[in-house]
Amino acid sequence: MSSSDAPIDVALIGGGIMSATLGTMLKQLEPDWTIQVFEKLGSAAEESSNPWNNAGTGHAALCELNYTPQLPDGSISIAGAVKVNEQFQVSRQFWSHLVENGSLPEPASFINPTPHMSFVWGESNVEFLRKRYAALKDHPLFQGLEYSEDASVIRGWAPLLIPGRAKSQPIAATHIKAGTDVNFGSLTQSLLTYLEDNGAEITNNAKVTGLKRQKDGLWRITYRREVGFTPFVVRARFVFVGAGGGALSLLQKSGIPEIRGYGGFPVSGEFLRSDNQELVARHQAKVYGMAAVGAPPMSVPHLDTRVIDGNTSLMFGPYAGFSPKFLKNGSLFDLFASIRPHNLVPMIAAGGSNLSLVRYLLGQLLAKKSTKFAELQQFFPHGEQKDWYRITAGQRVQIIKKDPKKGGVLQFGTEVVAAEDGSIAGLLGASPGASTAAPIMLGLIEKCFPEHIGNWRPRLEAMVPSFGTQLSDDPKLADEIMTATAATLRIPR
């Protein structure tokens, strides 16, 4: 067994966008702290942060209809949309700060302007979108949102959506130029490069096999390399588990009581991808539709422009599937290995109360290729199968947790689970994920390092000018900050 005597200040388990974001924030706050990243695979950002394992949508609720549910009285709730937009504005501020101080490269390497659209058909859906637009259009975070039921206008926004569609079919769309496409893989790699250039150690091919709190308060981390059988040991003052679907099992290994009752439900996915540049040239937008009944939020259908390493493609999906793996490169035993006496009841209860999701997943698994392609043709009526091929998306693990009334609930979202003393924390869950990495990690810093916040506040406010405030409460400040970050990141206001 090989071990290092000197403890490190920060251990980041997982080489994705969450660990890269937290590491960068802490390095900006405390340049002298020692940081080490442990990534199981041969390189970072190969799971959910990989650009082809996610939709790359800069999630700001500009087009995602699941963030604005219709209430029983027929009104539209915009609270979720405002929250998600606020979070993305924080990420934009953080990235803008890093670009300005030279910690990130040219913005076009990771973020590109891409209009965001919502598109629906059918009278009830058109009525819903009309109400949604009315509820959002005057909000300071949604300035520039346009609405139309005119086919010629919609065709001008997204030419592929209209030809071949019945003229009698009611349709409606919203459009906003301020949308973005984000290459989270490139962003993650750039953040890790910054960390390495500033003294952090990036350890790839390092599978963490043990997490144990020592009597002296330090965390003992055991890991193995891809080649060889010798286990390595390091000690750390603070540990963050940002291992995506692998976070649950690692937090269980840590033995912290806060993880008791948590389980996970894995959902896999596929997309259809087209590199036909004639089609690509005719569709420059991310267009989101209505989710199927029982579908999880991550399964909202969308036809997207994707810009990866300077090359543009189209992507449609996702098509949900099921695998017991918690990671794309995980084990078929992941789900079963995560079951504990303390989470068995919540998992059974959550399964029983989400039968519509089970039916939806079964329907997706049993659907023929022609049936799946017909879903694309609802967006793009003249679509042809020869122009598209299947790609496998990243694996997502939805949170299952205890509920005093139901026994257990399936939660769509992300959640930080931290020890009471703040010495270890991890992130569970999925959507909206990468787009909200900056605000999630700021929240984690406040939770785990409360004794430092007073001294760090000036630097936190330099990284994120809106830190501690809500932009939606101050339209003037919102306009100033959104205009400034747009200029730095070279995207529309």
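Assorted remarks:
- Residue match in segment 70-85 (condition: basic (Lys, Arg), in a helix (DSSP H, G or I), within 29 Å of residue 243 (Cβ to Cβ) and out of contact with any Gly (no Cβ under 6 Å at 6 or more places or on another chain)): yes
- Restricting segment 325-346 to residues that are more than 16 Å from residue 245 (Cα to Cα) and of a type outside the set (S, T, N, Q) leaves a set whose member that is surrounded by the most Cβ atoms within 10 Å (Cβ to Cβ) is 346.
- Tabulated pairs, segment 102-119, first touching a residue at least 40 places away in the same chain (Cβ under 8 Å), second part of a strand (DSSP E or B) and of a type in the set (A, V, I, L, M), C-beta under 6 angstrom, 6+ apart or interchain: 111/182; 112/307; 116/176; 117/173; 117/287; 119/173; 119/287
- Meets criteria (within 27 Å of residue 303 (Cβ to Cβ) and of a type in the set (A, V, I, L, M)) for residue 362: yes
- Hey, residue 365 loosely packed, with under 15 Cβ neighbours inside 10 Å and either small (Gly, Ala, Ser) or in a helix (DSSP H, G or I) (or both) or not: yes
- Pairs, first assigned to a loop (DSSP other than H, G, I, E, B) in segment 317-342, second among the basic types (Lys, Arg) and crowded, with 21+ Cβ neighbours inside 10 Å, C-beta under 9 Å, six or more apart: 327/40; 329/40
- Any hit, segment 374-388, residues being more than 30 Å from residue 463 (Cβ to Cβ), of a type in the set (D, E, K, R), at pLDDT below 95 and part of a strand (DSSP E or B): no
- When 413, 426, 433 are checked against the criterion of being buried (at least 24 other Cβ atoms within 10 Å of the Cβ), at positive phi and within 23 Å of the chain's Cα centre (by Cα), 433 stands alone in meeting it.
- Count - residues of segment 41-53 that are polar (S, T, N, Q) and in contact with a Ser or Thr (Cβ under 6 Å, 6 or more places away or on another chain): 1
- Filtered by the rule that a residue be under 29 Å from residue 478 (Cα atoms), in contact with a strand residue (DSSP E or B) (Cβ under 8 Å, 6 or more places away or on another chain) and crowded, with 16+ Cβ neighbours inside 10 Å, segment 137-153 gives 142, 145, 147, 148.
- Any hit, segment 302-320, residues being of a type in the set (Ser, Thr, Tyr), modelled with pLDDT under 90 and either under 22 Å from residue 171 (Cα atoms) or in contact with a Gly (Cβ under 6 Å, 6 or more places away or on another chain) (or both): no
- From the list 158, 134, 166, 172, the lone residue that is under 28 Å from the mean Cα position of the chain (by Cα) and surrounded by fewer than 17 Cβ atoms within 10 Å (Cβ to Cβ) is 134.
- Residue that is in contact (Cβ under 8 Å) with a residue 60 or more places away in the chain and either in a loop (DSSP other than H, G, I, E, B) or closer than 30 Å to residue 8 by Cα (or both), where the choices are 192, 160: 192
- Which numbered condition residue 241 misses (of (1) surrounded by fewer than 20 Cβ atoms within 10 Å (Cβ to Cβ); (2) in contact with a Gly (Cβ under 8 Å, 6 or more places away or on another chain)): (1)
- Listed by position, the helices (runs of 4 or more DSSP H) enclosed by segment 392-493 that each have at least 2 residues that are at pLDDT 95 or above and within 21 Å of residue 184 (Cα to Cα) are 437-448, 475-489.
- Pairs where the first residue, in segment 120-142, is farther than 18 Å from residue 85 by Cβ and modelled with pLDDT of 95 or more and the second is part of a helix (DSSP H, G or I) and among the polar types (S, T, N, Q), C-beta under 9 Å, 6+ apart: 121/378
- Qualifying residue in segment 451-461 (condition: closer than 21 Å to residue 33 by Cα, surrounded by fewer than 21 Cβ atoms within 10 Å (Cβ to Cβ) and under 22 Å from the mean Cα position of the chain (by Cα)): no
- Segment 223-254, residues that are charged (D, E, K, R) and without any contact (Cβ under 8 Å) to a residue 60 or more places away in the chain: 224, 225, 253
- Selected residue (criterion: nearest to the chain's Cα centre (by Cα)) from residues of segment 195-233 that are of a type in the set (Val, Ile, Thr) and part of a loop (DSSP other than H, G, I, E, B): 227
- Under the condition of being surrounded by fewer than 24 Cβ atoms within 10 Å (Cβ to Cβ) and in a strand (DSSP E or B), the residues counted in segment 33-61 number 1.
The values are calculated or read from the model by the stated rules, or taken from the named source; none is laboratory data. Please read these numbers as outputs of a predicted model, since none were measured by experiment. Please note: Cβ atoms are built from the backbone with ideal geometry, for glycine as well, and neighbour counts cover all protein chains shown.
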